[in-house]
Amino acid sequence: MVLAVLAVTAAAVAIIARGPLEQTMQRHMLVQLPMLFGTGILLEHAIARRSGVPATRRGWNVQGVAGLLFVSGVLATWMVPRALDAAVEHLVIDALKLLSLVAAGMIAVHSWRVASAIVRTFVLGNMAWMTATIGMLLLDAPERLCTSYGASDQQETGIAMIALTIVGVVGAAVYAFWAPPAIAQTARGE
């Protein structure tokens, strides 16, 4: 019940605070998008806990590959500057962003659980590479890539995305090497 309340609250904040969250590129990419993805994660946990069966458990998601491919595609889509502009400018696109990120969060929970260590490593590496690449693109672009945001906002977001990648990779490495054995085995799929 608590997870469901948290998920609904996070979704409500993302919808009600749409204007302030989408006012700057940093809040749009580094607060609102993860908030919506996290809402899906919380919602999936709440549904699985209440019913005992994950909402996204399907035979099509063998070893989590299809689900994690979907998740990567959704996250990549919302890193594209033109997609951010469309979400800011059109309410329908913003609603699609909300729905796709919540769905990706839900699918990520089950997919991550059933994915092998190799699949998890590939997905984490791909997401780190993609986030760093977009960060460098935003930082080094000679002109604005998003018409909804200024050049300085774009550069600040690029720096933040590169920093997020570094922190994420270091955190994952620390977790992988120094986690207690039981946790590390679970994380590796053993």
## Note on the structure
Of the candidates ALA83, ALA10, the one satisfying the condition of being at pLDDT below 90, at negative phi and small (Gly, Ala, Ser) is ALA10
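Taking the stated definitions as given, is SER100 of a type in the set (Ser, Thr, Tyr), under 17 Å from GLY40 (Cβ atoms) and surrounded by 23 or more Cβ atoms within 10 Å (Cβ to Cβ)? Step through it out loud before you land on a result.
Numbers: of a type in the set (Ser, Thr, Tyr): yes; under 17 Å from GLY40 (Cβ atoms): yes; surrounded by 23 or more Cβ atoms within 10 Å (Cβ to Cβ): no.
Taking the combined requirement at face value, the residue does not satisfy it.
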### Query
With respect to LEU164, is the statement that it is surrounded by 15 or more Cβ atoms within 10 Å (Cβ to Cβ), modelled with pLDDT of 95 or more and within 21 Å of PRO20 (Cβ to Cβ) true?
no
### Summary
Counted residues in segment 115-126 being assigned to a helix (DSSP H, G or I) and either in contact with a strand residue (DSSP E or B) (Cβ under 8 Å, 6 or more places away or on another chain) or surrounded by 18 or more Cβ atoms within 10 Å (Cβ to Cβ) (or both) come to 3
### Task
Exactly one condition in (1) of a type outside the set (A, V, I, L, M); (2) under 28 Å from LEU145 (Cα atoms); (3) in contact (Cβ under 8 Å) with a residue 40 or more places away in the chain; (4) surrounded by fewer than 18 Cβ atoms within 10 Å (Cβ to Cβ) is not met by GLY105; state its number.
(4)
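One line per residue, one yes/no per condition, for (1) in a helix (DSSP H, G or I); (2) farther than 25 Å from ALA83 by Cα:
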residue	(1), (2)
LEU137	yes, no
LEU145	no, no
SER148	no, no
VAL169	yes, yes
VAL174	yes, yes
PHE177	yes, yes
#### Entry: Residue in segment 101-114 that is at pLDDT 90 or above and among the basic types (Lys, Arg) present
no
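The values are calculated or read from the model by the stated rules, or taken from the named source; none is laboratory data. Computed from a predicted model, the values in this text were never measured in an experiment. Quick reminder, even Gly has a Cβ in these numbers, built from the backbone with ideal geometry, and neighbours come from all protein chains shown.
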